[in-house]
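A.B. asks: My structure is below; once you've seen it, I'll send some questions.
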Amino acid sequence: MTFSLVGRCARTGMLGAVVTTSAISVGARCQHARAGVGAALTQHRTDPRLGPLALDLLAKGVTADEAMQAVVAATPHRHWRQLALIDAAGRTAVYSGANVRGEKGEVQGKDCAAIANIVRSASLPGAMVAAFEKSPDLPLAHRLLEALEAGEAAGGERQPVISAALLVVHRESFPYVDLRVDDHTAPIAELGRLWSMYEPEADAYVVRAVDPEQAVPPPGMKIA
């Protein structure tokens with residue numbers, strides 16, 4: 001009952017993931033990313049430990065496919081898991097266990113991979129990948145959100161989604177973007193609205209962290 005995508009911007013090296021589901025607070029469990037290393041998704045009977053495990057392996061220099069094979073081999077309940085990985089070079093890997101239920105699918109594209117389970121159409125991941133690949137010159141966050149919207153337009157889940165999340169990393173150890181909608185009647189649209197508010201300040205928040213003397217707040221804005 002989840003659909004998601006990991007992606008990379010070839011221009012900037014940014015890495016990220018986007019996800020939505022009909023359960024509460026999907027961003028707290030399913031998406032993981034590390035600057036200069038990769039991004040991971042873990043869903044369906046979700047085990048949040050698998051994302052950091054995969055990123056640790058990528059950080060040692062293995063490829064996405066090698067990391068996926070190692071994670072799957074080390075996972076006792078692998079048949080219940082659905083996973084996607086992208087490494088810093090844009091290589092991807094996907095896995096769907098035999099017990100992943102409902103209409104499901106996974107598609108790998110250029111600098112991206114999409115996975116889905118318990119959705120209305122197995123074509124949904126392909127629609128997400130096509131949307132992500134369509135506009136490589138747009139910021140990564142835009143492309144990830146467009147992929148999520150395309151998944152919903154391709155049929156979405158069998159139940160209404162209520163949570164969605166967007167995660168992007170760049171050069172720092174902290175996320176460039178980490179936005180979550182935990183319980184909402186239109187979480188994908190709400191996530192897009194939050195990004196439209198956050199986007200003008202995204203670079204400024206990084207400057208405030210790494211070079212606070214250069215930070216200039218907009219008129220009337222308090223620095224956080």
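A.B. asks: Being within 15 Å of the chain's Cα centre (by Cα), surrounded by fewer than 21 Cβ atoms within 10 Å (Cβ to Cβ) and in a loop (DSSP other than H, G, I, E, B) is the requirement here; does GLY102 meet it?
C.D. replies: Considered against the rule, which asks whether it is within 15 Å of the chain's Cα centre (by Cα), surrounded by fewer than 21 Cβ atoms within 10 Å (Cβ to Cβ) and in a loop (DSSP other than H, G, I, E, B), GLY102 comes out as no.
A.B. asks: Determine, yes or no, whether ALA209 is touching a residue at least 12 places away in the same chain (Cβ under 8 Å) and either part of a loop (DSSP other than H, G, I, E, B) or under 25 Å from ASP111 (Cβ atoms) (or both). Full working, then the answer.
C.D. replies: Working: touching a residue at least 12 places away in the same chain (Cβ under 8 Å): yes; either part of a loop (DSSP other than H, G, I, E, B) or under 25 Å from ASP111 (Cβ atoms) (or both): no.
No.
A.B. asks: Does segment 164-171 contain any residue that is more than 14 Å from ILE24 (Cβ to Cβ), assigned to a loop (DSSP other than H, G, I, E, B) and either among the basic types (Lys, Arg) or within 14 Å of the chain's Cα centre (by Cα) (or both)?
C.D. replies: Residues of segment 164-171 that are more than 14 Å from ILE24 (Cβ to Cβ), as a first pass: 166-171.
Adding the requirement that they be assigned to a loop (DSSP other than H, G, I, E, B) leaves 170-171.
Those left that are additionally either among the basic types (Lys, Arg) or within 14 Å of the chain's Cα centre (by Cα) (or both): 170-171.
Yes.
A.B. asks: Can you name the condition, by its number, that VAL168 falls short on among (1) surrounded by fewer than 22 Cβ atoms within 10 Å (Cβ to Cβ); (2) of a type in the set (A, V, I, L, M); (3) touching a residue at least 60 places away in the same chain (Cβ under 8 Å); (4) in contact with a Gly (Cβ under 9 Å, 6 or more places away or on another chain)?
C.D. replies: Looking at each condition in turn, VAL168 falls short on (1).
A.B. asks: Considering only segment 190-219, how many residues are within 16 Å of the chain's Cα centre (by Cα) and loosely packed, with under 14 Cβ neighbours inside 10 Å?
C.D. replies: So the answer is 0.
A.B. asks: Between a residue in segment 112-136 that is within 12 Å of THR92 (Cβ to Cβ) and any residue that is of a type in the set (Gly, Ala, Ser) and outside any strand (DSSP E or B), which pairs come within a Cβ distance under 6 Å, given they are 6 or more apart or on different chains?
C.D. replies: Once the first residue is within 12 Å of THR92 (Cβ to Cβ) and sits in segment 112-136, its partners that are of a type in the set (Gly, Ala, Ser) and outside any strand (DSSP E or B) give PHE132/ALA147.
A.B. asks: For PRO139, are the conditions met, namely being surrounded by fewer than 24 Cβ atoms within 10 Å (Cβ to Cβ) and in contact with a Cys (Cβ under 8 Å, 6 or more places away or on another chain)?
C.D. replies: So PRO139 fits the description; yes.
A.B. asks: From the residues in segment 81-90 that are closer than 17 Å to SER4 by Cα and surrounded by fewer than 24 Cβ atoms within 10 Å (Cβ to Cβ), which one is nearest to the chain's Cα centre (by Cα)?
C.D. replies: Let us first name the residues in segment 81-90 that are closer than 17 Å to SER4 by Cα, namely 81-87, 90.
Add one more test, that the residue is surrounded by fewer than 24 Cβ atoms within 10 Å (Cβ to Cβ), and what stays is 81, 90.
Working: ARG81: 16, GLY90: 14 Å.
Of everything passing the filter in segment 81-90, GLY90 is nearest to the chain's Cα centre (by Cα).
A.B. asks: Quick one: which strands (runs of 3 or more DSSP E) sit completely within segment 19-93 and have at least 1 residues that are over 21 Å from VAL107 (Cβ atoms) and touching a residue at least 24 places away in the same chain (Cβ under 8 Å)? Outline the logic, then answer.
C.D. replies: On the way: elements: 31-34, 38-43, 82-87.
The strands (runs of 3 or more DSSP E) meeting that bar are 31-34.
A.B. asks: What residue, of LEU144, LEU148, is modelled with pLDDT of 95 or more, under 18 Å from HIS44 (Cα atoms), part of a helix (DSSP H, G or I) and in contact with a helix residue (DSSP H, G or I) (Cβ under 8 Å, 6 or more places away or on another chain)? It would help to see each step written out before you state the result.
C.D. replies: Details: LEU144 fails: under 18 Å from HIS44 (Cα atoms).
After applying the criteria, what remains is LEU148.
The values are calculated or read from the model by the stated rules, or taken from the named source; none is laboratory data. Model, not experiment: these values are computed from the prediction. Neighbour counts run over all protein chains shown; Cβ positions are idealised from the backbone, glycine included.
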